[in-house]
1. Please specify each residue of region 290-318 satisfying the condition of being crowded, with 22+ Cβ neighbours inside 10 Å and part of a helix (DSSP H, G or I).
2. Could you grab me the full set of residues in region 46-67 that are of a type in the set (S, T, Y) and either surrounded by 11 or more Cβ atoms within 10 Å (Cβ to Cβ) or assigned to a helix (DSSP H, G or I) (or both)?
3. Out of everything in region 111-159 that is in contact (Cβ under 8 Å) with a residue 12 or more places away in the chain and of a type in the set (V, I, T), what residue ends up being surrounded by the most Cβ atoms within 10 Å (Cβ to Cβ)?
4. I'd like to verify a number: residues in region 336-384 that are among the acidic types (D, E) and in contact with a strand residue (DSSP E or B) (Cβ under 8 Å, 6 or more places away or on another chain), how many?
5. Look at L99 and say whether it is within 29 Å of D298 (Cβ to Cβ), in contact (Cβ under 8 Å) with a residue 24 or more places away in the chain and not charged (D, E, K, R).
6. Is it true that L83 is more than 30 Å from G25 (Cβ to Cβ), assigned to a helix (DSSP H, G or I) and without any contact (Cβ under 8 Å) to a residue 40 or more places away in the chain?
7. (1) at pLDDT below 95; (2) out of contact with any Pro (no Cβ under 8 Å at 6 or more places or on another chain): which one isn't true of E74, the others all being true?
8. Hey, could you check region 90-105 for residues that are more than 16 Å from D128 (Cα to Cα) and part of a helix (DSSP H, G or I) and say which is nearest to the chain's Cα centre (by Cα)?
Amino acid sequence: MPPESEICGCNGVCKGTILAAIAGGATDLGTVRARTKASTSCGSCTGLVEQLLAHSLGDAFRKPASRPVCGCTELAHEDVRRLIRARGLKSMPAVMQELGWKTSCGCATCRPALNFYLLAEWPETYRDDPQSRFVNERNHANIQKDGTYSVVPRMWGGMTTPQELRAIADAAEKYQVPAVKVTGGQRIDLLGVRKEDLPRIWADLNAAGLVSGHAYGKALRTVKTCVGSDFCRFGTQDSTGLGIRLERRLWGAWTPHKVKLAVSGCPRNCAEATCKDVGIVCVESGYEIGVGGAAGMDVKATERLAKVATEDEAVEIVVAFVQLYRESANYLDRPYKWLAKVGLDWVRAQVVEDRDSRAALVARFDRAQAIFQKDPWAERTAPEARAAFTPLAHLAAEAAE
Ligand code: SF4
């Protein structure tokens, strides 16, 4: 590989730059990251950077068995989660103090992780800290390259109605939305919304019964479906109905990373269920549940978690799987990465084979959902909440009037 070969595509860092940093005294991943920015964005080049370190330094390079969450602590994610549970640590200051954080307030890496771990562990008592979330989750919309936002209402199982489509069209015209795009997750994206218009467009969409699609969040995104037995001559089960049921059960739950589901009505797999985090393929004799698929930077087919005869059992297993993922995955690990660490057999034992464990997971999930299953748009449309979305220049002008 020549020195000009690109290693980190996100930050445009080539092999020669990394080798120069190593020659200049960088002996670990953290130092290479700090000096070159390689591996600081999506992380998919981390293995290559470590290979360059190992090749250049030989035995002098020791790959850590388990990486610390960030520079604020020596503890790995697994240790932090375990100690939050074991010591009953219920706030961010308590975690940082008890676990010997090296900084007083944490950083942009550890705070979002701790915020999630505390939310997942203590749903009844921990209060979400918006300042510990990334900008998209804080604003409940995805920021675009020009500073505008995208707005994606939820469409349960990919279904919509003429009334909902009229409401979306009306909102697009009223707020002069420059682009309306159908997404890969079977919903509609309003692109180019000004930040100050967000609360009003949400209120208009809420009035038509539409809620946030969490397209910006580490949460349930979509449950993609095909038309299934209602309309398709090949359909074996009501895949659309099952998708809607799953989406209504799971929406609103915060997870370590985004979670996408799909349900196909037969093995022809028109909903592409076999590359989702959880994908169900309906067959004449029941439901084949696969997990751990991916179709992004990594492409991976799901692995069979279970086959069950009834829709009820399929739903319970999926809910238990999502809760186990919430309880034990590292923050920012997609399900397929978590599964690679813990093993499918370990997961299957708890969510399929041990019915008591499954029931307990489902109960814990439902307990958390009683608190978290709220539309974030509805909570931010009140006039007093709108100030957070008003540009400072407008506020200053109002104050001067
Ligand atoms: S997956 Fe099967 S049931 Fe669903 S639309 Fe395709 S052919 Fe029909």
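The values are calculated or read from the model by the stated rules, or taken from the named source; none is laboratory data. Since we're looking at a predicted model, the values are computed, not measured. Backbone-built Cβ (ideal geometry, glycine too); neighbour counts: all protein chains shown.
1. Within region 290-318, A314, I317, V318 qualify.
2. Answer for region 46-67, where residues must be of a type in the set (S, T, Y) and either surrounded by 11 or more Cβ atoms within 10 Å (Cβ to Cβ) or assigned to a helix (DSSP H, G or I) (or both): T46, S56.
3. V151
4. Residues that pass the stated criteria total 1.
5. So L99 does not fit the description; no.
6. So L83 fits the description; yes.
7. Condition not satisfied by E74: (2).
8. Among those that are more than 16 Å from D128 (Cα to Cα) and part of a helix (DSSP H, G or I), it is M96.
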